[in-house]
Amino acid sequence: MDAFFKDLGDHVLAEWKHANFSLGSFPAIASAALKRMPPSENVDLESFLPAFLLDDAQPFQTESGFGEPEVVAYDHPRFYVQLLFWMDGTTAIHQHEFSGAFHVLRGSSIHSQFDFLNVRPVTPYFRVGDLRMKKIDLLETGATVQIRSGPKCIHSLFHLDAPSVTVVIRTQNDPGTAPQFNYHPPHVALDPLLSDALTMRRRQVLDVLEQTADPTYTDLVLEMIRELDFERGFYILQTSRPYLQDLGDWDNALASFVAKHGRIADGIGATLEEASRRETIRGLRAHIAEPEHRFFLALLMNADSLPAVLAVVAKRFPEQPPEATVLRWAKELIEFPDDDVELLDARFRDHSPETILAVLEAMMKKNSRRARGITQAEWDEIRAEFASSSLRVLAAPAS
Ligand SMILES: [Fe+2]
């Protein structure tokens, strides 16, 4: 076992034992320990990793699939210390069935925190409600954040560097705080561990029908939506949405679902649309290597408002106004396929890059279009294209 993590774990054990292993005290104890003995100043990964590979005297390792990977550095029946490596990307928006604190050992991350309001449970594994972002921030190396179990601490991390490494001091499990919901903005919470093999197989059979262009596909999906309960109907909608959109049958399918289930189904369309927007951004990130552009995409995926985007950009790139930084990225990312102008997945026909960037600047600075010589038609068309793309968060409200 690594000597630093042995000292850190033993210190936490002594402090928590002194507090009679009270669950409520653990996040503060874990956080204070990480600040007193910061791993970012005390752990040299270049010697920790070879020692982990070569020394057999290691703490008990879990079979967790979280992290890329997870390495346990200290274990005790009541808590453990883990290193989580992240090579690319993002955690789902989630809550925890454990508590403690995490510390950024290497790299940096966009950290988003949420509330889930107006909660209506549908099944033990499925809730609807309103997911609201309460804070988005940049976590740099050395930052420490407390974790509380249950819905009071809902968050996601988007890791900006590869690898990003976090150290987590966490309880084994906090009784009564399961399931560890994942949140799908803006309206759905799902238990990721729900095992429903029949629904999984049905979704796979629908994929077969899609790939063989079966002419009965839409009718079968509509019949399933009529027959199935809310939870399973949702999963069928989730699977079939892209193909039904290609077929022009999506609006009808969603309307059937809402007609069957009423008000509780109101947010399902928006949730599946947002999932698709995030998937598009994930796809774009696969083709874009420039770190600043990847940071921009991460913000487009995670920030829920223009002020949030600008605040995080200003923190990461303080040397110039954030609007100028975003404009520079937009200019660098513009492409010209088939005489159109393309900015990520937004496609502009009959507009020059200069006009598109002028509209973007006016939207970000809340300038009037007239001051910049933009016509009403140019404003409306360009704003609408921003609003229906991955760049939606930058679009001004429709006037
Ligand atoms: Fe977490």
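Calculate, for Ser388 and Ala28, the FRET efficiency according to 1/(1 + (r/R0)^6) with r their C-beta to C-beta distance and R0 45 Å; round to the nearest 0.05. Step by step, r from the Cβ atoms, then E = 0.50. The listed peptides 194-207, 226-239, 323-336, ordered by packing as a protection proxy, come out as 226-239, 323-336, 194-207 (highest mean of other Cβ atoms within 10 Å first). Modelled label positions at Asp137 and Leu193, each set 7 Å beyond Cα in the direction of Cβ, lie 2.9 nm from each other. Taking every Cα-Cα distance in segment 130-213 and sorting them into 5 Å bins starting at zero, the pair-distance distribution P(r) comes out as 3, 9, 14, 16, 16, 16, 10, 8, 5, 2, 0 percent.
The slack between Asp380 and Gln146, meaning 0.36 nm per residue of separation minus the straight C-alpha distance, is 79.8 nm.
Please tell me the relative contact order of the chain in percent, rounded to the nearest whole number, where contacts are Cα pairs under 8 Å and at least six residues apart.
Relative contact order comes out at 12 percent.
Treating r as the C-beta distance of Asn173 and Ser305 and R0 as 25 Å, the FRET efficiency rounds to 0.10.
3J(HN,Hα) along segment 163-171, derived from phi through the Karplus expression 6.51 cos²θ - 1.76 cosθ + 1.60 where θ = phi - 60°, amounts to x, 9, 10, 10, 9, 10, 9, 9, 5 Hz, with x in place of Gly and Pro.
Look at the dipole of the chain built from charges on Cβ: of Cys153, Gln376, Ala253, the Cα furthest out on the positive end belongs to Cys153.
As a length-normalised measure over Cα pairs under 8 Å and 6 or more apart, the relative contact order of segment 224-281 settles at 34 percent. Pairs with C-alpha atoms separated by more than 21 Å, drawn from the list Lys331/Lys366; Lys35/Lys134; Lys134/Lys315; Lys134/Lys365; Lys135/Lys315; Lys6/Lys35, are Lys35/Lys134; Lys134/Lys365.
Only one residue of Gly65, Pro185, Trp16 has its Cα farthest out toward the positive end of the dipole of the chain, where Lys and Arg carry +1 and Asp and Glu -1 on Cβ, and that residue is Trp16.
Using equal-weight Cα scatterers in the Debye expression, the normalised intensity of segment 339-378 in log10 at q = 0.14, 0.25, 0.35, 0.36 Å⁻¹ is -0.30, -0.86, -1.22, -1.24.
Using the Karplus relation 6.51 cos²θ - 1.76 cosθ + 1.60 with θ = phi - 60°, the per-residue 3J(HN,Hα) values for segment 131-147 come to 7, 10, 6, 9, 6, 10, 8, 9, 9, 9, 3, x, 6, 10, 9, 6, 10 Hz, with x marking Gly and Pro.
For the chain, which semi-axes, largest first and in whole Å, follow from the square roots of 5 times the eigenvalues of its Cα gyration tensor? List each step's numbers first, then the result.
Working: eigenvalues 315, 181, 73 Å².
Its equivalent ellipsoid spans semi-axes of 40, 30, 19 Å.
Sort segment 73-130 into rounded, prolate or oblate with this rule: let a ≥ b ≥ c be the square roots of the eigenvalues of the Cα gyration tensor; rounded if a/c is under 1.5, and if a/c is not under 1.5, prolate when a/b is larger than b/c, oblate otherwise. Before the final figure, lay out the partial values.
On the way: a/c = 2.72, a/b = 1.55, b/c = 1.76.
Taking the square roots of the gyration eigenvalues as a ≥ b ≥ c, segment 73-130 is oblate.
You can think of it this way: the chain between Asp56 and Leu247 has 63.1 nm of extra reach, that is 0.36 nm per residue less the Cα-Cα gap.
Entry comment: accessible area of segment 1-98 is 52 Å² per residue, from protein heavy atoms only and a probe of 1.4 Å.
Could you tell me the calculated FRET efficiency between Leu209 and Phe4, based on Cβ-Cβ distance and R0 = 41 angstrom, to the nearest 0.05?
Numbers: r = 56 Å, r/R0 = 1.36.
Plugging the Cβ-Cβ distance into 1/(1 + (r/R0)^6) gives 0.15.
Heavy-atom surface analysis with a 1.4 Å probe gives the chain a carbon and sulfur content of 52 percent of its accessible area.
What Kirkwood radius, in Å to one decimal, follows from the Cα pairs of segment 182-282? If you can, show how the numbers build up before the last one.
On the way: mean 1/r = 0.0714 Å⁻¹.
Here the Kirkwood hydrodynamic radius works out to 14.0 Å.
If you count, for each residue, the other Cβ atoms within 10 Å and average over each peptide, how do 243-255, 298-310, 95-107 line up from highest to lowest? List each step's numbers first, then the result.
Details: 243-255: 15.8, 298-310: 19.4, 95-107: 22.8.
Peptide ranking by packing, descending: 95-107, 298-310, 243-255.
Among the protein heavy atoms, those of Lys260 account for about 90 Å² of accessible surface (1.4 Å probe, every chain in place). Put a plus charge on the Cβ of each Lys and Arg, a minus charge on the Cβ of each Asp and Glu, and nothing anywhere else: the dipole of the chain about its Cα centre is then about 1540 debye. In the context of the full set of protein chains, residues of segment 120-161 present 47 Å² of accessible surface per residue (probe radius 1.4 Å, heavy atoms only).
If the chain between Glu46 and Arg349 were fully stretched, how many nm would it gain, using 0.36 nm times the residue separation less the Cα-Cα distance?
Values: separation 303, 0.36 × 303 = 109.08 nm, distance 5.13 nm.
Between Glu46 and Arg349, full extension yields 103.9 nm more.
What are the equivalent ellipsoid semi-axes of segment 273-380, built from the alpha-carbon gyration tensor (square roots of five times its eigenvalues), in whole angstrom, biggest first? Walk me through the numbers before you get to the answer.
Numbers: eigenvalues 96, 71, 36 Å².
For segment 273-380, the ellipsoid semi-axes come out as 22, 19, 13 Å.
Taking a sphere under 12 Å around the Cβ of Trp86 and counting the other residues whose Cβ falls inside, with K and R at +1 and D and E at -1, yields a net charge of -3. Look at the Cα gyration tensor of segment 53-186: its axes a ≥ b ≥ c give a/c of at least 1.5 with a/b at or below b/c, and that counts as oblate.
Quick check on the chain: helices-only [θ] at 222 nm, where DSSP H runs of length 4 and up contribute -39,500 (n - 2.57) each and the sum goes over total residues. Nearest 500, please.
Numbers: 14 runs with 175 residues, N = 399.
Taken over the chain, the calculation gives -14000 deg cm²/dmol.
The values are calculated or read from the model by the stated rules, or taken from the named source; none is laboratory data. All values reported here derive from a predicted model rather than from experimental measurement. Cβ: placed from backbone, ideal geometry, glycine included. Neighbour counts: every protein chain shown. Ligands, DNA and RNA are excluded from the accessible area calculation, which covers all protein heavy atoms including side chains. Shrake-Rupley method; radii C 1.70, N 1.55, O 1.52, S 1.80 Å.
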